[in-house]
Amino acid sequence: MPLPLGQTTSRPPLINRPFLTYVMINLCIFVGFDMLLPTLSLYLVDMGCSKEVIGFIFSTFAVSAVTSRLLASRLSQKLGALPVVRVGLLLCGSGAILFFAIQQEISYALARLLFGAGYGLTSTLIISMAAQSMPPSRLGEGVAYLGLGATVALAIGPLVGLWLVDNYGYGILFSAVALCYLLATSISLTLPKVSLAAPDKSQASLKNTLRVLKPVFKTSLLIFVYGLAVSGVSAYLAVYCQEKSLPSAAQFFVISTIGTLAARISSGRLYDRFGHRLVVPPAIFLIVIAILLIYLTEEAFVFYLASIIYGVGGGSLFPALQAMTLSSTPMTHRASSSALFYNAFDVGIGLGVISLGLVAGFTQTYRTVFLWAAIFMVSIVFFYFLFFPKSRPQKT
């Protein structure tokens, strides 16, 4: 029914000081994380670590991040969400300093362990805290905006990290990473006390938790398969560009960020208004097209076009699945649902890097990595329509 002339629909406010604070903290978390993406392996090689030792050091991050995420909800209930987040931020900063302070292999593993534990705690709880403050009818939009920090960080973090190493050395790099987390800790001091909704004792049993989180297993499977697919782009695009004499992978990711920013600004509103049906399938289609263009391309123009399409698809799909995860569980279990969601994504990336690396080794070319990555993305469509036959938009 049309509204009377001059009357507009009332939308609950989303952007306020606490929300912007969460966005800034999220930006700091991911800038620090992304500065180490291209530089940490270079540092470990320069320090004389073998490939086996480097693999072990990196694996400690995954183990500690997964473990800390599983503990994040319980810790926040006992100690409070904000104190746990601050401890997580300080663990990340301490890990960064430890990398350079004690130059021994065992200290590198310990540093990565601390960093992974802190990252797991902060990345899980920040989204849960922020989501609790969002109007339910604008959850999709809010999650998309919150992720802008991670998107901007992915564009500038690796470039800043490499620039610092080239011009000032590793000591300044690790100091800058630690400063990011110290800044995030300082910003968190402006937040009011936050208490995440927690289940009462009668609802805290394992059986009840599994029942409540049952819908999350569906979106977690989707994000797991998405992780399998995008791991190929993240891990093997650089060597593929060298193999086919394409422009650098750095250019691809910088350009894709433009598409990601545009998608995050608009896709959240579409999700809130029309439901996930208008966001998820088109996003999957765009990512498949982008990966196939990478697989087929021989020209720079097509390569750049693929990067924009890839950014739009990923910038739409990830926050939509995240919003579906959060909206499918009550407030009392959102920290647990976020942990399950992120762990599924990380495990997907880890297994994807291994499996697609085996594909590349068997076929003696990195080109087939992208064909299989596209196949993984197509399989998401089957699971999506199987698990979500109907779109259920949020009601205002």
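The values are calculated or read from the model by the stated rules, or taken from the named source; none is laboratory data. Values in this document were obtained by computation on a predicted structure and should not be read as measured data. No Cβ is skipped: glycine too gets one built from the backbone with ideal geometry, and neighbour counts run over all protein chains shown.
Brief remarks follow.
- Screening residue 329 on (1) touching a residue at least 24 places away in the same chain (Cβ under 8 Å); (2) hydroxyl-bearing (Ser, Thr, Tyr); (3) in a helix (DSSP H, G or I) shows it passes everything except condition (3).
- Of the residues 264, 277, the single one that is at pLDDT 90 or above and either at positive phi or of a type in the set (Lys, Arg) (or both) is 277.
- Candidates are the residues of the range 13-55 that are among the β-branched types (Val, Ile, Thr) and under 17 Å from the mean Cα position of the chain (by Cα); the one that is modelled with the lowest pLDDT is 23.
- Every pair of residues 6+ apart whose Cβ atoms lie under 8 Å, when the first sits in the range 18-37 and is touching a residue at least 24 places away in the same chain (Cβ under 8 Å) while the second is polar (S, T, N, Q) and not in a helix (DSSP H, G or I): 18/133; 19/133; 21/190; 22/133
- Selection of first residues in the range 382-393 that are surrounded by 14 or more Cβ atoms within 10 Å (Cβ to Cβ) and of second residues that are at pLDDT 80 or above and in a loop (DSSP other than H, G, I, E, B), restricted to Cβ pairs under 8 Å at least 6 apart or on distinct chains, gives the following pairs, ordered by first then second residue: 391/275; 393/275.
- Check on residue 73, free of Cβ contacts under 8 Å to residues at least 60 places away in the same chain, of a type outside the set (Val, Ile, Thr) and out of contact with any Cys (no Cβ under 9 Å at 6 or more places or on another chain): no
- Residue in the range 57-65 that is over 20 Å from the mean Cα position of the chain (by Cα) and either crowded, with 17+ Cβ neighbours inside 10 Å or in the same structural domain as residue 273 (by TED's automatic domain parsing) (or both) present: yes
- You will find that of 131, 153, 96, the residue that is modelled with pLDDT of 85 or more and either out of contact with any helix residue (DSSP H, G or I) (no Cβ under 8 Å at 6 or more places or on another chain) or assigned to a helix (DSSP H, G or I) (or both) is 96 and no other.
Conditions (1) within 15 Å of the chain's Cα centre (by Cα); (2) of a type outside the set (A, V, I, L, M), marked per residue:
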residue: 86; (1), (2): no, yes
residue: 92; (1), (2): no, yes
residue: 97; (1), (2): no, no
residue: 104; (1), (2): no, yes
residue: 108; (1), (2): no, yes
residue: 111; (1), (2): no, no
residue: 122; (1), (2): yes, yes
residue: 126; (1), (2): yes, no
residue: 129; (1), (2): no, no
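- For first residues located in the range 291-303 and assigned to a loop (DSSP other than H, G, I, E, B), partners that are surrounded by 14 or more Cβ atoms within 10 Å (Cβ to Cβ) and among the aliphatic types (A, V, I, L, M) and lie 6+ apart or on another chain with Cβ distances below 9 Å form the pairs 297/246; 297/305; 297/306; 298/246; 299/246.
- Some residue of the range 286-293 being modelled with pLDDT of 85 or more and closer than 26 Å to residue 123 by Cα: yes
- Residue match in the range 69-77 (condition: modelled with pLDDT of 90 or more, more than 17 Å from residue 43 (Cβ to Cβ), of a type in the set (Lys, Arg) and in contact with a helix residue (DSSP H, G or I) (Cβ under 9 Å, 6 or more places away or on another chain)): no
- Identity of the residue in the range 234-249, more than 16 Å from residue 359 (Cα to Cα) and in a helix (DSSP H, G or I), that ends up modelled with the highest pLDDT: 244
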